[in-house]
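Below: one structure, written as structure tokens.
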Amino acid sequence: MEKLLLGTLLLSILSASVTQSDVKRKVLIFPQESATAYVSLIPAVRKPLQSFTLCLKSFTDLTRPYSLFSYNTRSQDNELLLFIEKTGEYQLYIGNSRVSFNGPSSPYNPRHICVSWESASGIAEFWVDGKPLGRKGIRKGYTVGADAKIILGQEQDSFGGNFDAKQSFVGEIWDLSLWDRVLPLKDMCGCCDGGNVLDWKTLQYEENGYVVTKPSLWAQ
């Protein structure tokens, strides 16, 4: 029994080893619906966020709800969550409060999503494919916690787990960066790297389950 447990532990460690690499021209592929496939992102710095800018690119043909970026702390679910309720309806959660933005509804195209938020005003600004979807208020005066699990491919219903396959992401994600400040999103149309919290060019991450890294099919 002890040998079996040790073998299981070693297999778990080997299947979720930390990788650090420049994946600038690569994508993370989540090939099928699952409650076990996800990527844990390891931030370059851990600090409370009173403002942020998050940018990423993705492709999927899903029409059901799914999570693009899930950031939970031990004390707060949906601390920072980018969630797609349906094609063209983007939901941003901060401190488990939600605000929605409506955008292009045509599926089957890659999406370039950027969102920024600042605590001082509570204003969140959302852009898709270089076009603004407007600004709305959420969680004025709030601080996003520092000790977080950051997950791609799944939506956390608890700290680092409790995944639902029907909210899993199926598709490809690339060019993700997170900054600890608000950047002018009109200048982010062609660039998604350089984040000081998460940077796709120097990304540290753990793959869990059926996740594949491949060269991008789309121009960078």
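The values are calculated or read from the model by the stated rules, or taken from the named source; none is laboratory data. Remember, predicted model here, so these are calculated numbers, not experimental data. Don't worry about glycine lacking a Cβ; one is built from the backbone with ideal geometry, like all the others, and counts go over all protein chains shown. When the accessible area is computed, the model is the full protein with side chains, heavy atoms only, and any ligands, DNA or RNA have been set aside. Shrake-Rupley method; radii C 1.70, N 1.55, O 1.52, S 1.80 Å.
Look at the alpha carbon pairs under 8 Å that are at least 6 residues apart: their mean separation over the length of the chain gives a relative contact order of 35 percent. Close Lys pairs in the chain (alpha-carbon distance under 15 Å; sequence gap of 8 or more, or different chains): 13. When each of the peptides 142-148, 152-158 is scored by the mean number of other C-beta atoms lying within 10 Å of its residues, the order from highest to lowest reads 152-158, 142-148.
Extent of segment 47-157 along its three principal axes (Cα atoms, max minus min coordinate, largest first): 35, 27, 18 Å. Rounded to the nearest 10 degrees, what's the angle between the helix 2-15 long axis and the longest principal axis of the chain, both from Cα atoms, 0 to 90? Result, in degrees: 40. In plain terms, the chain from Glu89 to Ser75 could stretch by 2.3 nm, reckoned as 0.36 nm per residue minus the Cα-Cα distance. Across the chain, Cα-Cα pairs farther apart than 32 Å form 12% of the total. For the chain, the solvent-accessible area works out to 47 Å² per residue, with a probe of 1.4 Å and every protein chain left in place.
For the chain, give the percent of accessible area contributed by carbon and sulfur heavy atoms, probe 1.4 Å, rounded to a whole number. That fraction is 51 percent.
Taking 0.36 nm per residue of separation and subtracting the current Cα-Cα distance, fully stretching the chain between Glu206 and Lys24 would add 63.8 nm.
The label-point distance for Asn96 and Asn109, in a model that sets each label 7 Å from Cα toward Cβ, rounds to 3.7 nm. Net length available on complete extension from Asp164 to Lys47 is 39.3 nm, with 0.36 nm assigned per residue and the Cα-Cα distance removed. What the Cα atoms of segment 171-213 give is an Rg and a Dmax of 12.3, 36 Å. So what is the 222 nm mean residue ellipticity for the chain from helices alone, if each DSSP H run of at least 4 adds -39500 (n - 2.57) and you divide by all residues, rounding to the nearest 500 deg cm²/dmol? Helix-only estimate at 222 nm: -2000 deg cm²/dmol.
Computed over segment 123-188, the percent of Cα pairs more than 15 Å apart is 69.
Kindly provide the Kirkwood hydrodynamic radius of segment 54-102 in Å, to one decimal, from all pairs of distinct alpha carbon atoms.
Value: 11.3 Å, from the Cα pair sum.
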